[in-house]
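Note sheet for the following structure.
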Amino acid sequence: MNEAEVSLHLTDIQKNELSTLLHDQKEGFASDKEPLGAICSHEFYTILKIERPYPPLLRSPGYPESPKSREALELHIRELLDLGVIREVGHNEEVEIATPFILAWHNGNSRMVEDLKALTTYTVLDRYPIQKCQIALT
């Protein structure tokens with residue numbers, strides 16, 4: 001909390017309430033021991049408008065990359081594997097849907113961006129979309 005910037009418009013009581021709330025919910029924040037926070041993951045299902053076998057568009061190969069980008073991509077993938085966010089697919093497992101990644105570079109740093117355009121065209125839209133933050137807080 002010492003590193004956070006808190007609005008100057010908050011009263012001391014509001015600042016204390018905010019501090020208490022953040023402390024009570026600390027498991028949701030990243031730390032040295034839990035780089036993704038300690039909240040348990042949940043299964044996420046995407047409902048598609050089509051049935052198996054899926055069209056070739058949903059099994060896209062990766063985009064061509066420079067050696068620098070390939071090395072950065074491998075580092076990102078290794079980090080996600082180490083964190084348990086993704087897992088390697090076994091040789092006997094069939095991959096039905098594969099989407100390519102690109103690397104976005106900014107100030108010499110890279111981040112992985114998944115190209116989901118093809119998947120989005122076959123996805124059933126959520127009937128209950130997430131509300132805008134302003135609406136949810138009022």
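Per the Kirkwood formula applied to alpha carbons, the stretch 1-124 shows a radius of gyration over Rh ratio, Rg over Rh, of 1.09. Rounding to the nearest 10 and keeping the result within 0 to 90°, find how far the Cα-based axis of helix 12-24 lies from the longest principal axis of the chain. For helix 12-24, the angle is close to 40 degrees.
Axis angle, to the nearest 10 degrees, between helix 67-83 and the longest C-alpha principal axis of the chain: 60 degrees. Give me the percent of DSSP beta bridges within the chain that run antiparallel, rounded to the nearest 5. Counting only bridges with both partners in the chain, antiparallel ones make up about 90 percent.
Since every read-out is calculated from the coordinates, none of them should be taken as a lab result. Source: prediction; values computed, not measured.
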